[in-house]
Amino acid sequence: MSTKEQLLTEAETLVGSDPQRAEALFKEVIVNPPSEYGVREEKERELRHQETALVKLGELYREQKNAEGVAQVITMSRSFLTSSAKAKTAKLIRTLLDCFNPIPGSQHIQIEVLTENIEWAKREKRIFLKHSLETRLVGLQLETHQYKPALSLIDTLLTELKRLDDKMILTEVHLLESRVYRGIGNLSKAKAALTSARTAANSIYCPPHLQARLDLQSGILHAEDKDYSTAYSYFFEAFENLSTQDDPGALGALKYMLLCKVMLNLPEDVTSLMSIKLAVKYAQLRDVESMRAVARAHQKRNLADFEKALKDYQQELSSDPTIRTHLSALYDTLLEQNLLRIVEPYSCVEVEYVAQQVGQGRQEVEQKLSQMILDKVLHGVLDQGRGCLLVFDEPAADNTYGAAIETLEQVGKVVDSLYAKTVKIA
């Protein structure tokens with residue numbers, strides 16, 4: 001057994017009991033390069049040990065939630081990467097970068113590491129590795145809401161990828177472009193980018209996880225257009241795809257499905273949906289329970305229960321911008337319906353009384369009532385001097401003007417006809 005192999009074996013046994021000693025041994029294996037004059041098989045074996053040590057050290061730092069440590073491992077790996085095949089290099093870099101994923105708040109360190117490695121890949125002329133790293137960088141910029149640099153990098157990437165005709169990465173980049181445009185609120189460009197992604201995906205074998213992400217984005221964009229039925233079908237496709245692979249993203253797709261049912265005014269379907277085979281294993285999770293609580297509040301048309309659900313499950317309901325946006329719209333609708341129900345029997349009602357009935361602050365209720373009057377949902381006037389709302393009957397449609405215009409049009413036709421006849425006689 002070679003010295004490096006012994007060190008590696010010893011380090012692996014010490015990972016649980018003495019991580020500091022294991023870290024030192026892994027570094028010793030990485031730092032010592034293989035002998036230039038050794039036998040080829042021996043050199044290859046030592047390189048394999050170095051690669052294993054790099055991955056194990058990255059995993060050790062991942063368990064310790066040490067983002068700086070993972071960044072150091074990636075920097076240390078460069079001397080090893082220069083003597084490795086390009087395919088192996090790309091795989092090792094991706095494996096080490098994946099170590100960042102479970103570490104909370106590591107996005108900014110990841111961006112720094114990726115930027116350094118992109119520059120290194122440019123110098124080494126490793127084009128495909130550069131594209132892979134740049135695609136990952138765009139994803140991180142999207143997560144950290146750095147939309148402007150993300151779009152700039154996407155434009156550069158798309159130009160290069162179209163020249164190389166790399167459909168797989170092209171699909172991913174167009175999908176990221178769609179998500180970025182949706183993030184800045186430009187839905188027309190988000191839809192165009194998604195169409196481009198699907199066009200590129202149709203000409204290749206699209207892996208299931210990528211197809212699921214395309215379906216998920218399609219569902220989100222349809223939900224933005226209030227087409228919740230179509231959105232639900234896309235989310236269901238994505239959920240089926242992801243749950244069969246035990247992908248953690250399946251829970252997000254399930255939450256979107258439940259959201260669609262609530263937004264379609266079918267909150268009673270939430271319970272039956274959770275009884276399907278694929279959804280049963282998620283039934284007891286807090287994320288799913290949060291959507292159940294929202295559905296119950298919506299079914300009862302109860303604002304207090306709705307607010308309680310938002311407060312009790314704040315992390316589950318507010319962390320996702322899609323769910324947050326649609327629940328905000330749902331809250332406004334519920335408030336509107338409750339206000340209409342309360343003021344309907346009255347011709348004059350105090351705003352303070354209305355606020356007490358819905359359990360909201362007076363200022364918020366006053367603002368909502370004025371918005372409803374402007375939107376012509378409610379016919380009335382706010383008398384701020386007396387603090388009252390004067391409610392009017394819905395005015396009957398006056399067809400006089402329409403009938404007068406129609407009569408004038410017919411008279412115009414008669415005059416034109418008479419003029420044409422006089423011209424002929426003359």
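The values are calculated or read from the model by the stated rules, or taken from the named source; none is laboratory data. The model shown is predicted, which means the values in this text are computed figures rather than measured ones. Backbone-built Cβ (ideal geometry, glycine too); neighbour counts: all protein chains shown. For the accessible areas, the whole protein counts, side chains as well, though only heavy atoms, and no ligand, DNA or RNA atoms are used. Shrake-Rupley method; radii C 1.70, N 1.55, O 1.52, S 1.80 Å.
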In terms of the Cα gyration tensor, with a ≥ b ≥ c the square roots of its eigenvalues, is the stretch 216-294 rounded because a/c is under 1.5, prolate because a/b exceeds b/c, or oblate? oblate
0 to 90° range, to nearest 10: angle between helix 321-343 axis and the chain longest Cα axis: 20 degrees
Qualifying lysines (Cα of each under 30 Å from Cα of Lys368; at least 8 residues distant if same chain): Lys226, Lys255, Lys261, Lys300, Lys308, Lys311, Lys376
For the chain, using Cα atoms only, the Rg and Dmax in Å read 31.4, 119
Taking the Cα centre as origin and putting +1 on Lys and Arg beta-carbons and -1 on Asp and Glu beta-carbons, what dipole magnitude results for the chain, to the nearest 20 debye? 1080 debye
Could you sort the peptides 175-182, 12-19, 94-101 by per-residue average Cβ neighbour count (10 Å cutoff), highest mean leading? 175-182, 94-101, 12-19
Quick check on the chain: helices-only [θ] at 222 nm, where DSSP H runs of length 4 and up contribute -39,500 (n - 2.57) each and the sum goes over total residues. Nearest 500, please. -24500 deg cm²/dmol
On C-alpha positions alone, give me the angle between the axis of helix 107-123 and the longest principal axis of the chain, in degrees, nearest 10. 60 degrees
Karplus 3J(HN,Hα) series, Hz, for the stretch 209-214 with 6.51 cos²θ - 1.76 cosθ + 1.60 (x for Gly, Pro): 5, 6, 4, 5, 5, 5
Taking springs between alpha-carbon atoms closer than 10 angstrom, which of Arg62, Arg123, Arg198 fluctuates most in the Gaussian network model of the chain? Arg123
What dipole magnitude, in Debye to the nearest 20, does the stretch 279-408 give about its Cα centre under +1 on Lys/Arg Cβ and -1 on Asp/Glu Cβ? 640 debye
Once the dipole of the chain is set up with Lys and Arg at +1 and Asp and Glu at -1 on Cβ about the Cα centre, which of Gln217, Pro395, Leu378 lies farthest towards its positive end? Gln217
Given Cβ charges of +1 for Lys and Arg and -1 for Asp and Glu, the option among Leu158, Leu194, Val173 whose Cα lies farthest towards the positive end of the dipole of the stretch 152-244 is Leu158
Residues with amide H under 5 Å from that of Gly380, placed H, sequence gap 5 or more: Phe392
Ranked highest first by average number of other Cβ atoms within 10 Å, how do 22-31, 398-407 line up? 22-31, 398-407
Size of electric dipole in the stretch 314-369: Cβ of Lys, Arg +1 and of Asp, Glu -1, about Cα centre, debye, nearest 20: 40 debye
Accessible area expressed per residue, the chain, with surrounding protein chains retained (probe 1.4 Å, Å²): 55 Å²
Candidate aspartates and glutamates for bridging to Lys281, where Cα separation is under 12 Å - those fewer than 8 sequence places away on the same chain excluded: Asp246
Give the peptides 133-142, 156-165, 225-234 in descending order of average Cβ contacts within 10 Å, highest first. 133-142, 225-234, 156-165
Note the angle between two axes, namely the Cα long axis of helix 19-31 and the longest principal axis of the Cα atoms of the chain, as a number of degrees from 0 to 90, rounded to the nearest 10. 70 degrees
Ignoring any ligand, DNA or RNA, what whole percent of the accessible area of the chain comes from carbon and sulfur when the probe is 1.4 angstrom? 52 percent
